[in-house]
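Structure first, then comments.
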Amino acid sequence: MDMKLLTAKIKTLFAYRDFDHLYELGGIHGTEKDRLEDNLIRLQQDIYFLDEYLESNWELDSEELKLYWNHIHQSLSNLGVASNDYDDYSAHIYKYQHHEMQLRTKKDLLRLSMEYFYFYKSCDVKLLRRLIYNHAPRINRYYTLADWRCFDLITEVNDDVEDLIEDMQTINGNRLQLMINKHGVDRAKKEFTIFMDQIEKQSIARVKVKKSEHYDAIYAKVVEQVVLTKSMLEESISEYLSIVDRHSKEVS
């Protein structure tokens with residue numbers, strides 16, 4: 001994996017998840033910001049390396065997995081997490097890894113509700129944001145960590161939709177791909193559209209509870225991503241059908 005490309009990908013992810021805004025709210029600037037972001041990038045790299053291993057190998061080696069986790073825990077240490085807190089901070093990634101490993105068994109990931117599935121699939125972003133909040137607790141004056149739930153759900157759906165074609169080549173827990181494989185394009189499109197509508201409704205409900213101009217800003221981001229992802233869903237499925245049709249003609 002090209003490290004320059006990977007770092008650029010991570011910085012794009014950070015911008016997409018609005019980390020620069022959190023740095024600003026937390027008063028994190030200059031060398032302090034650079035140092036924090038460098039450590040966050042390293043942690044995200046380590047999580048990507050684990051994910052790449054899971055996607056590329058059907059047979060998993062426990063000792064190799066341990067090495068990936070040693071790197072993740074070292075990166076957590078660099079971000080101020082004590083060794084006895086590693087499991088707490090890693091809990092959601094452990095769960096995501098468990099889901100990925102279930103692809104190698106007869107357990108169907110589609111048995112999990114979409115909200116449960118995508119809550120854990122956004123484990124890396126939630127962890128990184130938690131670490132930013134640890135660094136600058138004043139951010140809680142504006143948003144709590146829970147305020148980002150709907151935004152994380154829709155952006156994780158967006159990732160699966162955007163990566164549909166790419167993920168056809170890997171051992172990947174792409175929910176859209178799994179749904180298409182089992183139930184077909186029409187049902188997949190319908191269920192994803194319904195789920196995106198549910199995310200938007202949840203965010204509207206939180207607007208009413210929070211009654212805060214700060215959460216209104218997150219709600220606006222959720223709506224923007226719902227619109228964008230619905231449009232992308234149409235495009236990705238159209239491209240998927242074209243590939244399937246072309247492959248079918250080549251075989252025949």
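The values are calculated or read from the model by the stated rules, or taken from the named source; none is laboratory data. Treat the numbers as computed from the prediction; the structure is a model and nothing was measured. Virtual Cβ from ideal backbone geometry, glycine too; neighbours counted across all protein chains shown. Keep in mind that these areas ignore ligands, DNA and RNA; they rest on the heavy atoms of the full protein, side chains included. Shrake-Rupley method; radii C 1.70, N 1.55, O 1.52, S 1.80 Å.
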Looking at (1) at pLDDT 95 or above; (2) open to solvent by 10 Å² or more (accessible area, probe 1.4 Å), can you tell me which one GLN97 breaks? (1)
Lone qualifier among GLU200, GLU191 - being closer than 22 Å to THR144 by Cα and of a type in the set (Asp, Glu): GLU200
State whether one or more residues within segment 30-43 are open to solvent by less than 40 Å² (accessible area, probe 1.4 Å), at pLDDT 95 or above and touching a Phe, Trp or Tyr at 6+ places or on another chain (Cβ under 7 Å). no
Looking only at segment 173-201, which residues are assigned to a helix (DSSP H, G or I), surrounded by 13 or more Cβ atoms within 10 Å (Cβ to Cβ) and among the polar types (S, T, N, Q)? GLN177, THR193, GLN198
Collect the residues in segment 202-241 that are within 23 Å of ASP186 (Cβ to Cβ) and either touching a residue at least 60 places away in the same chain (Cβ under 8 Å) or not in a helix (DSSP H, G or I) (or both), keeping them in residue-number order. VAL226, LEU228, THR229, MET232, LEU233, SER236, ILE237, GLU239, TYR240
Checked segment 208-220 for anything within 16 Å of ILE139 (Cβ to Cβ) and either polar (S, T, N, Q) or surrounded by 12 or more Cβ atoms within 10 Å (Cβ to Cβ) (or both); matches are LYS210, SER212, HIS214, TYR215, ALA217, ILE218
Restricting attention to segment 8-32, and to residues there that are among the acidic types (Asp, Glu) and assigned to a helix (DSSP H, G or I), which single residue is nearest to the chain's Cα centre (by Cα)? ASP20
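If you take the residues of segment 136-161 that are over 28 Å from GLN177 (Cα atoms) and touching a Leu at 6+ places or on another chain (Cβ under 6 Å), which of them is surrounded by the fewest Cβ atoms within 10 Å (Cβ to Cβ)?
Looking at the filtered set, the residue picked out is TYR142.
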For GLY26, state whether it is crowded, with 18+ Cβ neighbours inside 10 Å, small (Gly, Ala, Ser) and either within 30 Å of LEU228 (Cα to Cα) or without any contact (Cβ under 8 Å) to a residue 24 or more places away in the chain (or both). yes
Only one of these is modelled with pLDDT of 95 or more and surrounded by fewer than 18 Cβ atoms within 10 Å (Cβ to Cβ): LEU127, LEU67, LEU79, LEU103. Name it. LEU67
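Quick one: is HIS21 over 23 Å from ASP147 (Cβ atoms) and of a type outside the set (Lys, Arg)?
no
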Where residues in segment 162-172 are in a loop (DSSP other than H, G, I, E, B) and out of contact with any Phe, Trp or Tyr (no Cβ under 8 Å at 6 or more places or on another chain), which of them is least open to solvent (accessible area, probe 1.4 Å)? ASN172
